[in-house]
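Only one structure is covered here, and it is reproduced in the block below.
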Amino acid sequence: MGFQGDEESAPQIPRKTLFRYNSPLVQVSLIGLVCFCCPGMFNALSGMGGGGQVDTTVADNASTALYTTFAIFGIIGGGVYNILGPRLTLFAGCSTYVLYAGSFLYYNHYKEQTFAIIAGAILGVGAGFLWAGEGAIMTSYPPPDRKGTYISIFWSIFNMGGVIGGLIPFILNYHRTSASSVNDGTYIGFMCFMSIGALISLAILPPSRVVRDDGSRCTNIKYSSVSTEVVAILKLFLNWKMLLIVPAAWSSNFFYTYQFNNVNGVLFNLRTRGFNNVFYWGAQMVGSVGIGYILDFSFKSRRARGLFGIGVVALLGTGIWAGGLANQLRYSRQNLLDKLDFKDSGSDFVGPFFLYFCFGLLDAMFQSMVYWVIGALADDSETLSRYSGFYKGVQSAGAAVAWQVDTHHVSFMSQLVVNWSLTTLSYPLLAILVFLAVKDDTKPADKTPKEATPPSTLTQL
């Protein structure tokens, strides 16, 4: 069952029409809105620490189930996307987010975590589909020399969901400074946004119908099959380019557990956690725009831009994690501090708040950088959906381990050291990958390309 269809089926439109429906800009913006409503709200829910509950055990166990299935279905999600196409894949994925938020609404009343754990496992399946499709769209639809810009556009729209999602618990729980968990309205608000995201996913076009401003189409691939995808996905585990990405993929969600539960969840009271999340996800928008500009415009050579971007993120990352170490020396699991409030704690609030803001900034820069590298390895959506699925699968395996590490009460300091070490290890490996595998494309952007972009030679596995 192929999803791309004939190239002739794409409507003939004026090439320079602003905001036309089948342009990469509109389609990347639409997938940004989908992620605004679904993963964006999920991030806000997770960012409160413990899923908004005073006891983090249920959220830790649900997240472990989530990321365990995500690790499997993230890897195969690219194959599902190539067979079913964007609409069915994304709609199926989005629907599972609503169920997950609903499980915490249920837990608010019955304190039974079984439903939350099952919903987490189902969400892992759906998230694998959603993020594989998102990765394929975000990395293959834009022009090759503007992938950093489009990634930053996506990341900004997506993380606006975290900003709005942070406002929901902040506003609804503003007067509950000592509340044990968020109220029902918070979870209902998340469910409404997630349902809207599922509907928006039906507006995403298949890649063969997306036409860039220069007249080229995003792909000329017509069909895929289960056997083709199984073989191609298995080959990813022997692909040296994917192996170099593994440490970056593993670490890129590993640090969420520490940041959400052990910084935001431990240091701040309920309403302040929602307040902090507004700025954490807002910082992601700033970080994605900054690194997107560097990766597209800092140098003429694409390889040089990639190496420079990695160097910038490495330098900032080292400084931010050093700040995290200084903060962590003040408390431990056995020696907790009084909860901070954004209104009542005065200057004591500023330092930890700024650190949490910087964690959000670094997250966006780190992940946008990795997506840019993946997007530079190929041009066609079929290959990039597999690459993105592999990235999300490994990323989710790391997250599953991280949530269980916290469940077993591993010390905060040990978690920080592991996070810092993993991200530091990834920088030189990504630099090697860029140096060896990313080709320079100095062709002027206004030249008329071929009728369809051919698959890159880098897709040979």
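Given the criteria of a type outside the set (S, T, N, Q), open to solvent by 10 Å² or more (accessible area, probe 1.4 Å) and in contact with a Ser or Thr (Cβ under 6 Å, 6 or more places away or on another chain), does residue 365 qualify?
No; evaluated as a whole, the condition is false for this residue.
Applying the selection to the range 394-427, what residues are open to solvent by 10 Å² or more (accessible area, probe 1.4 Å), closer than 24 Å to residue 310 by Cβ and of a type in the set (A, V, I, L, M)?
Correct list: 394, 397, 417, 418, 422, 425.
If you take the residues in the range 19-56 that are at pLDDT 90 or above and among the β-branched types (Val, Ile, Thr), which one is surrounded by the fewest Cβ atoms within 10 Å (Cβ to Cβ)?
This residue is 26.
Quick grid of which residues meet (1) within 30 Å of residue 170 (Cα to Cα); (2) at pLDDT below 95:
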| position | (1), (2) |
| --- | --- |
| 247 | no, no |
| 253 | yes, yes |
| 265 | yes, yes |
| 274 | yes, yes |
| 300 | no, yes |
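If a residue has to be within 16 Å of the chain's Cα centre (by Cα) and open to solvent by less than 10 Å² (accessible area, probe 1.4 Å) to count, how many in the range 256-276 make the cut?
Adding up the residues that qualify gives 3.
Within the range 118-151, track down each residue that is among the β-branched types (Val, Ile, Thr) and either surrounded by fewer than 24 Cβ atoms within 10 Å (Cβ to Cβ) or farther than 30 Å from residue 300 by Cβ (or both).
118, 122, 125, 149
Kindly provide the set of residues from the range 224-239 that are open to solvent by less than 40 Å² (accessible area, probe 1.4 Å) and of a type in the set (D, E, K, R), ordered by number.
The one that is open to solvent by less than 40 Å² (accessible area, probe 1.4 Å) and of a type in the set (D, E, K, R): 229.
What number of residues within the range 333-357 satisfy the criterion of being surrounded by 14 or more Cβ atoms within 10 Å (Cβ to Cβ), of a type outside the set (D, E, K, R) and part of a loop (DSSP other than H, G, I, E, B)?
Residues that pass the stated criteria total 2.
List every residue pair whose Cβ atoms lie under 6 Å apart, where the two residues are 6 or more positions apart in sequence or sit on different chains, the first residue falls within the range 84-101 and is under 16 Å from residue 33 (Cα atoms) and at pLDDT 90 or above, and the second residue, located anywhere, is of a type in the set (S, T, N, Q) and open to solvent by 10 Å² or more (accessible area, probe 1.4 Å).
Note: pairs meeting the criteria are 98/195.
Scan the range 172-188 and tell me whether some residue there is at pLDDT 90 or above and either open to solvent by 10 Å² or more (accessible area, probe 1.4 Å) or assigned to a helix (DSSP H, G or I) (or both).
yes
For (1) within 20 Å of the chain's Cα centre (by Cα); (2) farther than 20 Å from residue 171 by Cα, each residue gets a yes or a no:
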{"site": "280", "(1), (2)": "yes, no"}
{"site": "313", "(1), (2)": "yes, yes"}
{"site": "325", "(1), (2)": "no, yes"}
{"site": "349", "(1), (2)": "no, no"}
{"site": "360", "(1), (2)": "yes, yes"}
{"site": "363", "(1), (2)": "yes, yes"}
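Would you confirm, using the coordinates I've provided, whether residue 130 is of a type in the set (A, V, I, L, M) and assigned to a helix (DSSP H, G or I)?
For residue 130, the condition - of a type in the set (A, V, I, L, M) and assigned to a helix (DSSP H, G or I) - is met.
Working carefully through the options 122, 153, 137, 157, find the one that is among the β-branched types (Val, Ile, Thr), assigned to a helix (DSSP H, G or I) and at pLDDT below 90.
Just one listed residue meets the conditions, 137.
Could you check the range 199-210 and list, in sequence order, the residues that are touching a Ser or Thr at 6+ places or on another chain (Cβ under 8 Å), open to solvent by less than 10 Å² (accessible area, probe 1.4 Å) and either over 17 Å from residue 82 (Cα atoms) or part of a helix (DSSP H, G or I) (or both)?
207, 208, listed by residue number.
The values are calculated or read from the model by the stated rules, or taken from the named source; none is laboratory data. These numbers were taken from a predicted model, which means no experiment stands behind them. Heads up, the Cβs are rebuilt from the backbone with ideal geometry, glycines too, and the neighbour counts pull from every protein chain shown. For accessibility, only protein heavy atoms count, side chains too; no ligands or nucleic acids. Shrake-Rupley method; radii C 1.70, N 1.55, O 1.52, S 1.80 Å.
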